[in-house]
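Have a look at the structure below, then the notes.
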Amino acid sequence: MSSEADIREAVPPEFRERLRSVRVADGTVTLVVDAGGLGRTAHEPLRRELQAAVGTVQGVDTVRVALMAEKPQRQVIVVGSGKGGVGKSTLTANLAVALARAGRRVGLVDADIYGPSQSVLMGEEDSRLEARDKVLIPHETRYGLCFVSMGQLVEKGRAIAWRGPMVGNALGQLMNADWGDAELLLVDLPPGTGDVQLTMMQKFRPAGAVVVSTPQDLALIDATRALDLFSQADIPVAGLVENMAGFVCPECGATSHPFGEGGAQDAARDLGVPFLGRVPLTMAIREASDAGTPPAAGDGPEAAPFAAIAARLDDWLTAGAGT
């Protein structure tokens, strides 16, 4: 059987500094390699290259490669709403895209277990999740981020009728996916203040929360309940977003306010939480979202409000408020 020195010599020079240990026993070589700083997609090619190189050494029958990487400091930001229908999922998808465009390494978790929609919003409706060693592998998108969703695990159109413990287990699988070098997870919560929210706060301790509301009084009352839930759990509120803030007529360009005007900004001021910005109600945003092409991925006027909100959230995180 060849010696440890022979094994080390067979390792390609560019990887020798990453080699942490070599164990040789009965024709089996086990390499422990530091994969810190490498993206998840580089892990398997590295593993194969090392196995091929060391496998040429006389007397080696099997090569095992254990890749070790320092777990990155990862912040979790949850996006919630007091009620459904306020555009929370659309905001989350576009916020994730905008942050990725700004240079953040972003993972997106569709935690709306009963009504997942991120697969559609990302244009990946037919994507399916795979697992390695019982750990889910997030799906890479063309927008510079990866995501996981229950929509990728169940048959299209199938209702998910689960009780609390099953929902909690599903959330754990999504959150504990192999996120590689992602530094920030954006979590699209279901509306309301139920099991998913409680499990998220108890087990994963988000760095902050973004709450989405329309300007109308009824939505703001529900948004206030969501803010109160985060306050009770000592989860910092990164800010409030006003969605559907004025309808822009595609014909004449005039803006009307079917849901009211400025209500969320006023509520943020009264409650003492940051106001992150507003997103108008436009046909272009609706059509792009339905088509799976997030407006934030483009350079048109529809991208601007999402970029502005992402910049304010990024400033909040950078300032240390989310740590």
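Numbers at a glance
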{"quantity": "Trypsin sites (Lys or Arg not before Pro) within the range 145-204, DSSP loop, no more than 13 other Cβ atoms inside 10 Å", "calculated": "K156, R158, R163"}
{"quantity": "Cα shape, the range 103-214, gyration tensor, a/c 1.5 rule", "calculated": "rounded"}
{"quantity": "Cleavage-rule hits (trypsin sites (Lys or Arg not before Pro)) in the range 1-90: DSSP loop, at most 15 neighbouring Cβ within 10 angstrom", "calculated": "R74"}
{"quantity": "Förster-model FRET efficiency, 22 Å R0, K203 and I137, C-beta, rounded to 0.05", "calculated": "0.55"}
{"quantity": "Spacing of the two label points (7 Å from each Cα toward its C-beta) at F247 and A25, in nm", "calculated": "7.1 nm"}
{"quantity": "Positive-end residue of A233, P190, G59, charge dipole of the chain with Cβ unit charges", "calculated": "G59"}
{"quantity": "For the range 1-128, Kirkwood radius (reciprocal of mean inverse C-alpha pair distance, Å)", "calculated": "18.2 Å"}
{"quantity": "Span-rule helices in the chain, defined as complete DSSP H runs reaching 18 Å or more along the axis (Cα) with Kyte mean at least -1.0", "calculated": "88-101, 217-232, 304-318"}
{"quantity": "Net charge of neighbours whose Cβ lies under 13 Å from the Cβ of A291, counting Lys and Arg as +1 and Asp and Glu as -1", "calculated": "-4"}
{"quantity": "Order of S89, S231, S21 under a 10 Å beta carbon neighbour criterion, fewest first", "calculated": "S21, S231, S89"}
{"quantity": "Helical mean residue ellipticity (222 nm; -39500 (n - 2.57) per DSSP H run of 4+; nearest 500) of the chain", "calculated": "-10000 deg cm²/dmol"}
{"quantity": "Calculated SAXS-style log₁₀ I(q)/I(0) at q = 0.14, 0.20, 0.27 Å⁻¹ - the range 83-157, Debye, Cα scatterers", "calculated": "-0.43, -0.85, -1.35"}
{"quantity": "Square roots of five times the Cα gyration tensor eigenvalues for the range 160-254, Å", "calculated": "29, 17, 15"}
{"quantity": "Kirkwood Rh (inverse of mean 1/r, distinct Cα pairs), the range 4-68, angstrom", "calculated": "11.7 Å"}
{"quantity": "Global size of the chain as Cα Rg and Dmax, reported in angstrom", "calculated": "23.2, 81"}
{"quantity": "The range 245-301 - Kirkwood radius from inverse mean 1/r over Cα pairs (Å)", "calculated": "13.0 Å"}
{"quantity": "Taking W162, W316 and counting other C-beta atoms within 10 Å, the order from fewest to most", "calculated": "W162, W316"}
{"quantity": "Cα centroid separation, the range 218-269 to the range 62-109 (Å)", "calculated": "23 Å"}
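Rule-based calculations on the coordinates, nothing more; no lab input. Since this is a predicted model, take the numbers as computed values, not measurements. Cβ: placed from backbone, ideal geometry, glycine included. Neighbour counts: every protein chain shown.
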